[in-house]
Amino acid sequence: MRNFLISIVFFGIAAYIGFIAYNGWSLGDWFGGSAKEVEVEAAEVFSYPGYLEVESSDGRTIEIKLIARNETHIQFERTTDSKRFTYPIASLVAESRSEVLKYPISVLIDAGKHIGEAGIGLEDAYVEQLREAIRRIDEKAVDLNATLSSSQSITEKRTILRKLEEMRSEKNELEAKIAERK
């Protein structure tokens, strides 16, 4: 019985040392050498609310809290007084326009009274549902990117990268469905 217990302890210690050696080897930190960096391309994900400084084509600059945007307009609150506005994207300078266009398309709140659009139809509701799914994917991607940057395990990083890639392809499919509706 004593030999059996000693052999279990021996195998346990051997497995632990093997695990440590394998992780050190896979990270390039073999016996205390320098660890090789695992390069990960983390996609920068923009989500609402976004705090920006935008400039209109007539030269006026304003600090805003971006609430939403669609293909043609942005909806924001002025940071000085929290008053809400809807503004055409085309009326921004190119640099501000490119910053705003990095944010995902979303639903403008009470946009009809600002833009002069009619009520939202069934097709628009479906498109907004697709956009909401895209927003949820973007939120999950932000969380996964944070986990990815703090992870020490290569296996965990690979798993997260696979999840991010799956989410990216799902997002592309949803965006393709939105493009079909236009």
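Out of all the residues in the stretch 85-101, which are among the hydrophobic types (A, V, I, L, M, F, W, C) and either exposed (fewer than 12 other Cβ atoms within 10 Å of the Cβ) or in contact (Cβ under 8 Å) with a residue 40 or more places away in the chain (or both)?
We begin by selecting, within the stretch 85-101, every residue among the hydrophobic types (A, V, I, L, M, F, W, C); these are 85, 89-90, 92-94, 100-101.
Ala90, Ala94, Val100 - these are the residues of the stretch 85-101 that are among the hydrophobic types (A, V, I, L, M, F, W, C) and either exposed (fewer than 12 other Cβ atoms within 10 Å of the Cβ) or in contact (Cβ under 8 Å) with a residue 40 or more places away in the chain (or both).
If Ser149 meets every condition in (1) surrounded by 13 or more Cβ atoms within 10 Å (Cβ to Cβ); (2) touching a residue at least 12 places away in the same chain (Cβ under 8 Å) apart from one, which number is that one?
(1)
Looking only at helices (runs of 4 or more DSSP H) that fall completely inside the stretch 94-182, which ones have 2 or more residues that are at pLDDT 85 or above?
The qualifying helices (runs of 4 or more DSSP H) are 94-101, 122-150, 154-181.
Can you name every residue in the stretch 47-81 that is basic (Lys, Arg) and assigned to a loop (DSSP other than H, G, I, E, B)?
Residue satisfying the conditions is Arg60 alone.
Go over the candidates Ala35, Ala42 one by one and state the one that is modelled with pLDDT under 80 and closer than 28 Å to Glu132 by Cα.
Ala42
The values are calculated or read from the model by the stated rules, or taken from the named source; none is laboratory data. From a predicted model like this one, the values you see are computed outputs, not experimental measurements. Positions of Cβ are backbone-derived with ideal geometry, glycine not excepted, and every protein chain shown enters the neighbour counts.
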